[in-house]
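The values are calculated or read from the model by the stated rules, or taken from the named source; none is laboratory data. What you see is a predicted model, and the numbers here were worked out from it, not measured in a lab. Virtual Cβ from ideal backbone geometry, glycine too; neighbours counted across all protein chains shown.
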Amino acid sequence: MRRGWFRNGMLGLGLAFLYVPILSMIVFSFNNSRLVTVWDSPNSPTLRWYVRLLENDQLLGAAWISVLVAAMTATGAVILGTIAGLVLTRFGPFRGRAFLSAMTTAPLVMPEVITGIAMLLLFVSLEQLIGWPEGRGMLTITIAHITFAMAYVTVVVQSRLAGFDDVLEEAALDLGARPATVFFRITLPLILPALVSGWLLAFTLSWDDVVISQFVAGPGSSTLPMEIFSRVRRGVSPDINALATIMVLIVAIGVVLSTLYMKREEKRREREEQMARRDGNG
């Protein structure tokens, strides 16, 4: 009984440590005072800072750049990470496998400052040699983000393929299906939850990045985290609380929808595997 109370108490303290600051930020986003830590009782709650946020073209522009960069990063990282995961999982031992595995996982442990400096030197050298990329902007930010985000996607895809039951693939190959057909008709739908998870993870990593973006961004290509970081150094303003509240709401909705989708896909996959085994036994 005491162990149960202790476990529940520690769980409650951990959740409070994580979510009480977020809840307080959400509450103070409706505060009418310019002081983010002083509640203006007579005039609060108010939507004043949300209205001001919608009128702030600089923040909205930075948010749009972040959405575009994160979406392109997540898509590119899923494509490259899926290819790397398939090669490392399905192709067995081959020359250069250890090198490929090390290179795909190196960004996981590499300090972001080192990655940012390396990417900046790479882009400067390429511009001097071949004239591409011309300056720094959204393209260089996206390439740099794909470089480290694909490592996370590779790990997710590898873990999914490691516990993958390849009975359906072998049956399709025995029936004369081509490898490409097997991949797009069987393998891809079965690993789709992992791809969705990898896409969301890459999107979040790109959206949240500040350090690497600082090195490879150029004039007019500041992302939302860079803009927030520059403003916070001069003091937190209430419209930042409003912006953070909207971001928390969007992330929460995305997590709920993705969780429901993956649960539905998992149940559908289990039903299809059970039907396939039943037909095979019959």
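Let me confirm something: among Val78, Val69, Val109, Val87, which residue is in contact with a His (Cβ under 8 Å, 6 or more places away or on another chain) and under 30 Å from Leu190 (Cα atoms)?
Val69
One residue is enough: does the stretch 126-147 have a residue meeting the conditions charged (D, E, K, R), surrounded by fewer than 18 Cβ atoms within 10 Å (Cβ to Cβ) and over 12 Å from Phe215 (Cβ atoms)?
yes
Against the definition (in contact (Cβ under 8 Å) with a residue 12 or more places away in the chain, in contact with a Leu (Cβ under 9 Å, 6 or more places away or on another chain), in a loop (DSSP other than H, G, I, E, B) and not acidic (Asp, Glu)), how does Phe148 come out, yes or no?
no
Inside the stretch 86-113, can you point out the residues that are more than 28 Å from Pro225 (Cβ to Cβ) and in a helix (DSSP H, G or I)?
Leu86, Val87, Leu88, Thr89, Arg90, Arg97, Ala98, Phe99, Leu100, Ser101, Ala102
Under 6 Å between Cβ atoms, at least 6 apart or on separate chains: pull out the pairs that start in the stretch 245-262 with a residue that is of a type outside the set (Gly, Ala, Ser) and end on any residue that is at pLDDT 80 or above.
So the pair list comes out as Thr245/Ile26; Thr245/Ser29; Met262/Pro193.
If you scan the stretch 208-220, which residues turn out to be among the polar types (S, T, N, Q) and surrounded by fewer than 20 Cβ atoms within 10 Å (Cβ to Cβ)?
Within the stretch 208-220, just Gln214 meets the criteria.
Being buried (at least 16 other Cβ atoms within 10 Å of the Cβ) and either touching a His at 6+ places or on another chain (Cβ under 9 Å) or not in a helix (DSSP H, G or I) (or both) is the filter here; which residues of the stretch 34-55 pass it?
Val36 - this is the single residue of the stretch 34-55 that is buried (at least 16 other Cβ atoms within 10 Å of the Cβ) and either touching a His at 6+ places or on another chain (Cβ under 9 Å) or not in a helix (DSSP H, G or I) (or both).
Restricting the first residue to the stretch 32-50 and requiring it to be among the acidic types (Asp, Glu), which pairs with a second residue that is part of a loop (DSSP other than H, G, I, E, B) meet a Cβ separation below 8 Å and a spacing of at least six or different chains?
Asp40/Asn31; Asp40/Asn32; Asp40/Ser33
Only one of (1) within 22 Å of Leu23 (Cα to Cα); (2) surrounded by fewer than 16 Cβ atoms within 10 Å (Cβ to Cβ) is not met by Ser258, so which one is it?
Going through (1) within 22 Å of Leu23 (Cα to Cα); (2) surrounded by fewer than 16 Cβ atoms within 10 Å (Cβ to Cβ) one by one, Ser258 breaks only (1).
Please verify whether Thr82 is touching a helix residue (DSSP H, G or I) at 6+ places or on another chain (Cβ under 6 Å), under 16 Å from Pro225 (Cα atoms), at pLDDT 90 or above and β-branched (Val, Ile, Thr), treating the condition exactly as stated.
Judged against the criteria, Thr82 is not a match.
Taking the stretch 66-111 as the search range and keeping residues that are under 21 Å from Arg160 (Cβ atoms) and polar (S, T, N, Q), which one is surrounded by the most Cβ atoms within 10 Å (Cβ to Cβ)?
Thr73
Checking Ala63 against (1) among the small types (Gly, Ala, Ser); (2) closer than 22 Å to Thr147 by Cα; (3) surrounded by fewer than 17 Cβ atoms within 10 Å (Cβ to Cβ), which single condition isn't satisfied?
If we test Ala63 against (1) among the small types (Gly, Ala, Ser); (2) closer than 22 Å to Thr147 by Cα; (3) surrounded by fewer than 17 Cβ atoms within 10 Å (Cβ to Cβ), just (3) comes out false.
Would you check which residues across the stretch 222-252 are in a helix (DSSP H, G or I) and not hydrophobic (A, V, I, L, M, F, W, C) and list them?
Listed by number, the residues that qualify are Pro225, Glu227, Ser230, Arg231, Pro238, Asp239, Asn241, Thr245.
Across the stretch 168-184, what is the total count of residues that are surrounded by fewer than 14 Cβ atoms within 10 Å (Cβ to Cβ) and either on the phi > 0 side of the Ramachandran plot or assigned to a helix (DSSP H, G or I) (or both)?
7
Need pairs with beta-carbon distance below 7 Å; first residue at pLDDT 75 or above and within the stretch 264-282, second among the small types (Gly, Ala, Ser); sequence gap 6+ or separate chains.
From the stretch 264-282, no pairs qualify.
Any idea which residue in the stretch 156-167 is modelled with the highest pLDDT, counting only those that are surrounded by fewer than 19 Cβ atoms within 10 Å (Cβ to Cβ) and touching a helix residue (DSSP H, G or I) at 6+ places or on another chain (Cβ under 9 Å)?
Ser159
Answer yes or no: is there a residue in the stretch 198-221 that is in a helix (DSSP H, G or I), modelled with pLDDT of 85 or more, among the small types (Gly, Ala, Ser) and more than 30 Å from Pro111 (Cβ to Cβ).
Checked the stretch 198-221: no residue is in a helix (DSSP H, G or I), modelled with pLDDT of 85 or more, among the small types (Gly, Ala, Ser) and more than 30 Å from Pro111 (Cβ to Cβ).
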